[in-house]
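Enquirer: Sending over a structure as structure tokens; questions will come in a sec.
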Amino acid sequence: MFIVNIFILSVAVFLVSNFLPGIRIKNFMTAVMVAIVYSIINFLTGWLLVLLTLPFIIITFGLFKFVINAFLLWLTDKIVEDFEIKNIFTTFIAAFLITMVDLLIKWIF
């Protein structure tokens, strides 16, 4: 199941990078690397970030999780060499779109 999730996230990252200006990604293998690094960071620190920001998540009815996703995407940008997001605004939009595309693909399949 982990490999399927990585593939779905890779497709989401690749699609968003092709349609959103301000994101540079070398090729699909870079998208796979982004998905792997993002998943590892999310697995290791995501639960802690959610726990620490739980009041904000509750107050915003879960929308604050997009801030967490944007932060994790920013960290991924700093780690993966051939993946670049130009600015913070693009990071937030990309985090939102990647999450939505990921959910849509998982919902369809």
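The values are calculated or read from the model by the stated rules, or taken from the named source; none is laboratory data. Not measured: the values here are computed from a predicted model. FYI the Cβ positions are ideal-geometry reconstructions off the backbone, even for glycines, and counts take in every protein chain you see.
Enquirer: Going residue by residue through the range 36-54, is there one that turns out to be modelled with pLDDT under 95, of a type in the set (A, V, I, L, M, F, W, C), farther than 22 Å from Ser17 by Cβ and under 13 Å from the mean Cα position of the chain (by Cα)?
Expert: There is at least one residue in the range 36-54 that is modelled with pLDDT under 95, of a type in the set (A, V, I, L, M, F, W, C), farther than 22 Å from Ser17 by Cβ and under 13 Å from the mean Cα position of the chain (by Cα).
Enquirer: Can you tell me which of Ala31, Ala12 is part of a helix (DSSP H, G or I), closer than 16 Å to Phe92 by Cβ, touching a Ser or Thr at 6+ places or on another chain (Cβ under 9 Å) and small (Gly, Ala, Ser)?
Expert: Ala12
Residues are listed down the side, and each one gets a yes or a no for (1) of a type in the set (Gly, Ala, Ser); (2) over 13 Å from Ile98 (Cβ atoms):
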| site | (1), (2) |
| --- | --- |
| Ser10 | yes, no |
| Val13 | no, no |
| Ile23 | no, no |
| Asn27 | no, yes |
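Enquirer: In the range 15-28, what residues are in a loop (DSSP other than H, G, I, E, B) and either touching a His at 6+ places or on another chain (Cβ under 9 Å) or hydrophobic (A, V, I, L, M, F, W, C) (or both)?
Expert: Selection gives Leu20 alone.
Enquirer: Let me ask you something else. Could you list, in sequence order, the residues of the range 39-72 that are of a type in the set (Phe, Trp, Tyr), surrounded by 13 or more Cβ atoms within 10 Å (Cβ to Cβ) and under 22 Å from Asn5 (Cα atoms)?
Expert: Across the range 39-72, the qualifying residues are Phe66, Phe71.
Enquirer: Could I ask something else about it? So Phe61 passes all but one of these: (1) in contact (Cβ under 8 Å) with a residue 12 or more places away in the chain; (2) among the aromatic types (Phe, Trp, Tyr); (3) not in a helix (DSSP H, G or I). Which condition number does it fail?
Expert: With (1) in contact (Cβ under 8 Å) with a residue 12 or more places away in the chain; (2) among the aromatic types (Phe, Trp, Tyr); (3) not in a helix (DSSP H, G or I) applied to Phe61, the lone miss is (1).
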